[in-house]
Amino acid sequence: MIAFPGARVAADHLQPRLQERALVRRTFRQHQDMEYGPTVSAALAEYWNYTELEAHMHDLARRCSDVVRLYSIGRSVEGRELWALEVSDAPGRLEAEPNAKYVANMHGDEPSGRQLLVALAEWLCVHHRRDARAGRIVADMHLHLLPTMNPDGFEVNVRGNARGTDLNRDFPDPIERGAAGVQRPSGNEQPETLAVMDWIRSGRFVASASLHEGAVVANYPWDGSEDRGTHYAACPDDAAYVHLASMYASAHASMAASAEFPGGITNGAAWYPLWGGMQDWNYLAGKCMELTLELSAAKGPPAALLPQLFADNLAALLAFPLAAAFGGLRGLVMEAPTEPGGQRRLAAQAPKPRPLPARIDVLGINHTIVASPEFGVFYRPLAPGTYNVTASLDGHEAATATVSVPADGSGAQHAFSLVPLGAVTAAVVGGAASGWDLPRRFGAFGGPIVGKGSAPAGGLPAQLRWSAGLSPHHGATAAWEAAIGSARQIASFARRAPAR
Ligand SMILES: [Zn+2]
């Protein structure tokens, strides 16, 4: 057990209430042990200092090595490793699957997330064979967990890092530096910020959430407003963010019932604007849709409240990455098989389709993502609705498709085939041949993939069709399972410093 000063102060404050609840809590703890298992409960029993956290993360990665990998994304000012856990059935391997992440304890005096994320990893390790949501996260995506972004601040229970910098004001700011200017560090960032920037740039994360304390709400971009005023600042993906934040809030035990924030969500600048925040940078420079989650009205909630916080958030923590990765549009971009003479080939003779790192644009949303160069896959979080989506790449004819993202969370899929400029397509029918084992290995697709492309003007008329029959993989609707338990309120206290 560590001396976490904030927790102790809060605990003293709460003494009468806690005594009153002691029996309830003991029963609750036993229930947790039964429901989650002892390894999960251990992560929710106390706050671990850096040494303890590091030892537990190593131990977890050893015990759960089939689905968990431990790695460091860099070091803090005082030299502490920024340890991350990757949860996947192929941890450490580059796959066509989406990546998502959770980051906690960016503010040193907001510690609960660091225990919650270790508990989440333990829970996924224990439950991935018996819970559909956990099974799908492990089988179909890579979930990365950074329990502490600010280990130095935690050790002395302060908000900033060892140099006193608030890390959620330390990212290149789009309003100060422009959208192009944020792509590179300004040169003044702290080591923790630079490590996270590198991680985001290299990780191709689809979505993320940063865990904070000081309110109970799901906050989404923009955090800053152009005129520095306190008012709603919508980013191009406002609808998708509102959708994802609402999804989190409604899967949480009580967030959506907030008296302060309608629906349990808020636009960052409408609450209070800030500049240099992590979520806006994730969106602009990392093409990663990040929420800032405020999970406890009190900062530094006593360790005794951790099991309750975990129970309140578990369903939402599972649903959010699945909804972001699979509930919008996911797809594939391949080069249309061609041959100079324009002669048709049998499928068995067809050249292997080449994945293309095409730009993916949604009409009306000024935000471009790029399909992965290795696999040609992309994951585009979107709110339910109908969209015109274009895949384009230099040297190829662009292709546009109309896709409908259903409201049930199962997502839309589309495979684009881009014809090289001046080329002629060859007919390819039947996906089993050539390179279509790729989507077969790529559990993200739950149904048949059907694509269609045609020869460019001037070429020989030819049609390109394929289908890869895929069996449904886990329940897509698992992401939308209702929140567990009934609404429970964490004791609320007067708010102190800014939350996010
Ligand atoms: Zn915070």
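What follows is calculated from the coordinates using simple rules that are stated; it is not laboratory data. Just so it is clear, the model here is predicted, and its values are computed rather than measured. Cβ sites come from the backbone with ideal geometry, for glycine too, and all protein chains shown count toward neighbours.
A compact table of results
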{"read-out": "Neighbour-count order for R129, R63, fewest beta carbons within 10 angstrom listed first", "value": "R129, R63"}
{"read-out": "Cα lying deepest toward the dipole's positive end in segment 5-326, options C125, C288, G79, charges on Cβ", "value": "C125"}
{"read-out": "Vicinal HN-Hα couplings computed from phi for segment 98-114 (Karplus, 6.51 cos²θ - 1.76 cosθ + 1.60; Hz; Gly/Pro x)", "value": "x, 10, 9, 8, 10, 10, 10, 6, 5, 9, x, 8, 10, x, 4, x, 5"}
{"read-out": "Other-chain or far-sequence residues with amide H under 5 Å of F416's (modelled H)", "value": "L332, V333, M334"}
{"read-out": "Interchain or long-range residues, amide H under 5 Å from A233's placed H", "value": "W222, A269, A270"}
{"read-out": "Dipole of segment 5-326 [Lys/Arg +1, Asp/Glu -1 at C-beta], most positive-end residue of V242, P262, H58", "value": "H58"}
{"read-out": "Using θ = phi - 60° and Karplus 6.51 cos²θ - 1.76 cosθ + 1.60, couplings along segment 69-82 (whole Hz; Gly, Pro as x)", "value": "10, 9, 8, 10, 9, x, 10, 7, 3, 8, x, 6, 5, 9"}
{"read-out": "Sequence ranges 409-422, 316-329, 145-158, 382-395, ranked by mean other-Cβ count within 10 angstrom, highest first", "value": "316-329, 145-158, 409-422, 382-395"}
{"read-out": "Descending Cα extents along the principal axes, segment 53-135, whole Å", "value": "38, 26, 23"}
{"read-out": "Rounded to the nearest 20 debye, dipole of segment 5-326 from Cβ charges on Lys, Arg, Asp, Glu", "value": "560"}
{"read-out": "Residues whose placed amide H lies under 5 Å from that of A84, excluding near-sequence neighbours", "value": "Y71, S72, I73"}
